[in-house]
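Please read the structure below before turning to the comments.
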Amino acid sequence: MKTPHRDEVGIGQELPPLRLPPVTRTTLALFAGASGDHNPIHIDSDFAKSAGMPDVFAHGMLSMAYLGRFLTQWAPQTQLRRFSVRFAAITPVGARLTCTGKVTELTEGDGEALARLEIGVIDDAGEVKLVGEALVALA
Amino acid sequence: MIDTKHIGLELPAATFEVEKGRLRFFAEATGETRPEYLDERAARAAGYRSLPAPPTFLMAADLDAGTTTMLLDTLGVPIERILHGEQSFTYHAPVCAGDVLSVEARISDIYSKKGGALEFVVKDSLIKDAQGQTVLEVRSVLVVRNPKEKAA
């Protein structure tokens, strides 16, 4: 994959969105094992209900992992310098998520040209699940 | 309320080996299908030493070390009350399958909002390679939801 070049990246430029299949219980079970996050609130409906939740819900880190895929389809992973998010809302089973992002600043750091990206994950009702920021080194 | 005396608490250091099988499992769980994340030859062709660890994968280094569970026990917080508030990663060097990493985590802040209804625990981890160079900085902010009667 080619690293985006500073001359080809402009402020306001949108990254190609990444649309995900609906979140299933299977996804959550697999993600619990793969990620090492075994909190039963994401995989055990009985536990979730006893904790006052209507049902299990997705790990915030699942959405952040999707954002990682989204960022690394725009630029190779080796160009990623910083990646941060705030979790804004719970993602229930069945949610259809989309990762979006745009360039908000072109800057420099440690002698590199950097693009600052505003990134987010929304569901198909437009509710924001995650908002964040990434710094990507440009060619 | 969580006792702020725990600010600065260092959690026991741990090691984490980046395994190919775990990386493929993580790829499957996150719907990743690009060959450089699954196939060693494709990873090398893309310039990696072996399969690369995806941007958020190394949360597993913290989680496998059990430091989050330990932290909750130390602070006296039941797991069903926590939500993940914020997460950030600062990257210093690529991490690939075969790497053996060390994890050093500490509680760097504890604060409350909404009169104690919500408490925040900030954990900072440094992940270092076998040469002792920091490859990744990880910051996690956990939110603790307190029942009303406990709120100040």
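Overview of values
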{"item": "Contact order relative to length of the range A:36-114, as percent, for alpha carbon pairs under 8 angstrom and 6 or more apart", "result": "24 percent"}
{"item": "Inter-chain shielding of B:18-27 (mean C-beta neighbours from other protein chains, 10 Å cut-off)", "result": "2"}
{"item": "Positive-end residue, chain A charge dipole about Cα centroid, Cβ charges, pick of A:Thr24, A:Thr104, A:Ser84", "result": "A:Thr24"}
{"item": "Cβ neighbours within 10 Å from other chains - mean over A:31-42", "result": "6"}
{"item": "Whole-number percent relative contact order across chain B, with pairs defined as alpha carbons under 8 Å at least 6 apart", "result": "29 percent"}
{"item": "For chain A, average projected area of the Cα convex hull in nm²", "result": "8.9 nm²"}
{"item": "Residue with peak Gaussian network fluctuation, chain A [Cα springs, cutoff 10 Å], from A:Ala58, A:Ala125, A:Ala48", "result": "A:Ala125"}
{"item": "For A:59-65, mean number of other protein chain Cβ atoms within 10 Å", "result": "6"}
{"item": "The range A:22-86, dipole about Cα centre (Lys/Arg Cβ +1, Asp/Glu Cβ -1), debye to the nearest 20", "result": "380 debye"}
{"item": "222 nm mean residue ellipticity, helices alone, for chain A (DSSP H n ≥ 4; -39,500 (n - 2.57); rounded to 500)", "result": "-6500 deg cm²/dmol"}
{"item": "B:Ala117 long-range amide H proximity, modeled H, under 5 Å", "result": "B:Ala152"}
{"item": "Sites A:Arg19 and B:Val100 - FRET efficiency at Förster radius 45 Å, r taken between beta-carbons, to 0.05", "result": "0.75"}
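Every read-out reported here was derived from the displayed coordinates using simple, explicitly stated rules and does not represent laboratory data. Please read all numbers here as calculations on a predicted model, not as lab measurements. Reconstructed Cβ throughout: ideal geometry from the backbone, glycine too, with neighbour counts over all protein chains shown.
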